[in-house]
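First comes the structure, then the notes that go with it.
The values are calculated or read from the model by the stated rules, or taken from the named source; none is laboratory data. Small disclaimer: the values here were computed from a predicted structure and weren't measured. Every residue, glycine among them, receives a Cβ derived from its backbone with ideal geometry; neighbour counts consider all protein chains shown.
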Amino acid sequence: MPEGEPTALRVLVVERRWRTYETFRRHFEEAARALAAETNDPRMAALSVSRTQFERWLRGGLTTRPYPNASTVLQRMFSVEVDVLLGPASEANLQEPAQAFNLKSEITMAAHESSEHAAYAAARAVDDTTIEQLQEDVAKVAREYPEKAPIESFAEAKRIRDLALSLLDRTGRPAQESELYVAAGQACGILATVSFDLGYTDAASEQARTVFIYGRMVGNEGLCAWAMGMRALIANWSEFPLAALELVAKGLATAPAGTPTARLHAIGARAYAQLGNAASASESARLALSAADSDSPACELHDDIGGEFSFDGARLRRCLGSAYVSLKLAEPAAQHARQVIELYDTGARIVRMPKVAVEARIELAHALILSGELDSATDTLGTVFDLAQPQRVHGVTERLVKARQALALPAYQGSSEALDLGARIEAFAAGSAGAIAPALPPRRS
């Protein structure tokens, strides 16, 4: 269609004074109901037209025809074939002669369309208190997560995500859209953690990618840093340390100073340790501790909301203990693990995570096994074996499996105590939290 030439539909709409979307829609729906009565087809009565479709029809230049039922309604309204209606007015043989293109009328119509759309956009908003409640809900789930079985948080996190996404369709205000994308990203972060803790690493990685996309869309660097850290963590557990280091580097490129940076460096230390690079692992550990001790502004996600998104001193030292265990450096591994256990046992405010304390006990036991202190390792794991099945998350069972592998050292060959401990570990790991997930009630439709 020649550029700038109006469609036949546009000319007819102007002539009939159906310039506004609301007016056109009313006539369209009336024609659809009339057709439904004539053809005895109730489906026609439900037909309508969206604002976007109306504007596309007026502009013309479409590459495909409207759906058959919509085409039938248009032809009923104007007694003109739909291809002619959506084509240039100059080529149409209109039954009701069209007046020459009227610039004033077109300018007036354009003004009406602009003001109508502005009113429509202004009306598309969500009550601020609804968004505030959503933010409070996701923060509550994050803070309560460490002391709950993962599956208990799944339904609530999914509800929050779904609500945030549905509210996005009801607002046209950029500030509200940004807040809703952040809330959706945080909910997806909880879903990523649930998936990981239950052993579904592919699903966890997909959720983490979604968190990153939402964070990047709204420029939330804290959310992006957390997502990159989660993906790197998953890569570490999946035995892909080089991929983990690449993700850590991408995360550090934009991560806020302080806790987000400390977390990424700590995850990087574990990746270097898996590669056997003690020097780089130690340097990453140093950078992590330095970032954690810096006087940087608090990160809303990692520090203010915290909970499962936090990375306090206990989690940092637990992570570094894991790195030193991978390097088979028993002394620093045990030192970091004991610091975590001490913080937890003294009830320090920074520790509200039974999972972190349990994982630290496993790392300490692993370090003791490396040191040849099997009896002490067995004693250390005593409370771990008492953990209920819903709390036997992926990080717990996988750490135990790695400790079990250390029992294959030459010093333990033929040791009945080592065999007994290995058997207890295997039995414990077989009853992981993920193993009970299939027994959950079916999803409601």
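Looking across the stretch 295-315, the residues that are of a type in the set (A, V, I, L, M) and either over 28 Å from residue 181 (Cα atoms) or within 19 Å of the chain's Cα centre (by Cα) (or both) come down to 301, 305, 314.
Set side by side, the residues 170, 143 differ, and just one is basic (Lys, Arg), within 30 Å of residue 358 (Cβ to Cβ) and either surrounded by fewer than 15 Cβ atoms within 10 Å (Cβ to Cβ) or touching a Gly at 6+ places or on another chain (Cβ under 6 Å) (or both), which is 143.
Filtering the stretch 229-255 to residues that are touching a residue at least 40 places away in the same chain (Cβ under 8 Å) and not aromatic (Phe, Trp, Tyr) leaves only 230. Evaluating residue 195 against the criteria (1) assigned to a helix (DSSP H, G or I); (2) touching a residue at least 24 places away in the same chain (Cβ under 8 Å) leaves one unmet condition, (2).
The numbered conditions (1) surrounded by 19 or more Cβ atoms within 10 Å (Cβ to Cβ); (2) in contact (Cβ under 8 Å) with a residue 40 or more places away in the chain; (3) within 19 Å of residue 306 (Cα to Cα) are all true for residue 157 except (2).
Looking at 179, 156, 152, can you tell me which residue is acidic (Asp, Glu), modelled with pLDDT of 95 or more and more than 9 Å from the chain's Cα centre (by Cα)? So the residue among 179, 156, 152 that is acidic (Asp, Glu), modelled with pLDDT of 95 or more and more than 9 Å from the chain's Cα centre (by Cα) is 179. Within the set 176, 135, 186, the sole residue that is over 28 Å from residue 232 (Cβ atoms) and part of a helix (DSSP H, G or I) turns out to be 176. One residue stands out among those in the stretch 400-418 that are of a type in the set (S, T, N, Q) and free of Cβ contacts under 8 Å to residues at least 24 places away in the same chain: the one that is surrounded by the fewest Cβ atoms within 10 Å (Cβ to Cβ), which is 416.
The helices (runs of 4 or more DSSP H) falling completely within the stretch 23-78 that include 2 or more residues that are of a type in the set (Lys, Arg) map to 51-59.
For the structure I just gave you, tell me whether residue 70 is touching a residue at least 40 places away in the same chain (Cβ under 8 Å) and either under 38 Å from the mean Cα position of the chain (by Cα) or surrounded by fewer than 19 Cβ atoms within 10 Å (Cβ to Cβ) (or both).
Considered against the rule, which asks whether it is touching a residue at least 40 places away in the same chain (Cβ under 8 Å) and either under 38 Å from the mean Cα position of the chain (by Cα) or surrounded by fewer than 19 Cβ atoms within 10 Å (Cβ to Cβ) (or both), residue 70 comes out as no.
Looking across 222, 268, 258, one residue alone is touching a residue at least 40 places away in the same chain (Cβ under 8 Å) and more than 20 Å from the chain's Cα centre (by Cα). It is 258.
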